[in-house]
1. Pairs please, first residue from region 57-71 and under 22 Å from T157 (Cα atoms), second anywhere and within 11 Å of the ligand (Cβ to nearest atom) and aromatic (F, W, Y), Cβ atoms under 8 Å, 6+ apart in sequence or on different chains.
2. Taking interchain pairs and intrachain pairs at least six residues apart, which have beta carbon atoms under 6 angstrom, with the first residue in region 148-176 and within 17 Å of V204 (Cα to Cα) and the second at pLDDT below 95 and open to solvent by 10 Å² or more (accessible area, probe 1.4 Å)?
3. Test K119 against the criterion of being open to solvent by 30 Å² or more (accessible area, probe 1.4 Å), under 15 Å from N173 (Cα atoms), over 18 Å from the mean Cα position of the chain (by Cα) and in contact (Cβ under 8 Å) with a residue 24 or more places away in the chain, and give yes or no.
4. When the residues of region 46-65 are narrowed to those that are part of a loop (DSSP other than H, G, I, E, B) and farther than 21 Å from G179 by Cα, which ends up farthest from the ligand (Cβ to nearest atom)?
5. Report yes if I54 is within 25 Å of G91 (Cβ to Cβ), in contact with a His (Cβ under 8 Å, 6 or more places away or on another chain) and of a type outside the set (D, E), otherwise no.
6. Anything in region 98-120 that is over 25 Å from G137 (Cα atoms) and of a type in the set (A, V, I, L, M, F, W, C)? List them, or say none.
7. What are the residues in region 154-182 that are out of contact with any helix residue (DSSP H, G or I) (no Cβ under 8 Å at 6 or more places or on another chain) and of a type outside the set (S, T, N, Q), if any?
8. With the condition being within 16 Å of the ligand (Cβ to nearest atom) and among the charged types (D, E, K, R), I'd like the helices (runs of 4 or more DSSP H) fully within region 66-175 carrying at least 1 qualifying residues.
Amino acid sequence: MTNNIFDAIKSHKILPVIAIPNRECIISLGEALVQESLPIAEITFRTEYAEEAIKGMSKIKGLLVGAGTVINKKQAEIAINAGATFVVSPGLTEEVVEYCLAQKIPVFPGVITPSEIQKALLYGLEVLKFFPAESFGGINVIKAYEGPFGQVKFIPTGGITMMNVVKYLANKNVIACGGSWIAPTEQLKAGNFNQIRQNIQQTVKLVQTFK
Ligand code: 3PG
């Protein structure tokens with residue numbers, strides 16, 4: 001299972017980070033992601049609808065649903081019980097990592113510094129979120145880690161858009177990029193699925209060359 005998740009994230013190249021603003025948008029969003037060929041979602045625990053969204057979207061055939069902004073064990077428990085198949089965190093919290101490892105659910109803690117990477121490596125984790133990427137040196141830092149941490153694969157997230165995603169994906173240690181530009185909260189709130197579908201189509205087209 002674990003390898004399937006890594007392979008799926010790697011093959012889609014983009015991990016849509018989503019804050020669900022209301023229950024009405026949950027199924028439409030899941031269907032748009034599947035129908036427009038980006039069938040993966042990181043549902044963040046930033047809104048009260050995270051659990052419901054993970055439950056609802058997990059039932060959509062072909063959609064891989066994970067949880068994001070998981071900052072404590074309680075949220076990790078709720079996420080996994082709701083059907084999340086992977087867990088993403090902005091930082092490295094021991095109780096989150098240890099709980100996910102015990103449950104055999106892939107976990108991607110956020111790191112920026114060498115010390116944080118080393119801490120993740122002690123847990124045997126080699127695929128890490130690099131967050132917030134653009135604010136902390138972006139692609140230059142990822143390049144600097146090629147030497148000491150050549151085995152580590154990154155999912156840079158934070159400040160990544162259609163304008164700069166390509167420079168990240170061109171790096172051999174970047175397996176995918178995360179970002180909220182695919183389904184921004186305002187567009188979800190407005191129920192603007194035409195725009196969201198366009199965002200997905202444009203993103204899928206842009207990253208095609210890296211597949
Ligand atoms: C996250 O939690 O992964 C980020 O907040 C997403 O960052 P972005 O909104 O800059 O894409």
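1. A67/F45; G68/F45; T69/F45; V70/F45; I71/F45
2. L169/F210
3. no
4. Ranking the candidates gives K61 first.
5. Answer is no for this residue.
6. C100, L101, A102, I105, listed by residue number.
7. Correct list: M163, K172, G178.
8. 114-122, 165-169
The values are calculated or read from the model by the stated rules, or taken from the named source; none is laboratory data. Just so you know, these numbers come straight off a predicted model, no measurement behind them. In this analysis, Cβ positions are derived from the backbone assuming ideal geometry, glycine residues included, and neighbour counts consider all displayed protein chains. SASA here: full protein model, heavy atoms, side chains in, ligands and nucleic acids out. Shrake-Rupley method; radii C 1.70, N 1.55, O 1.52, S 1.80 Å.
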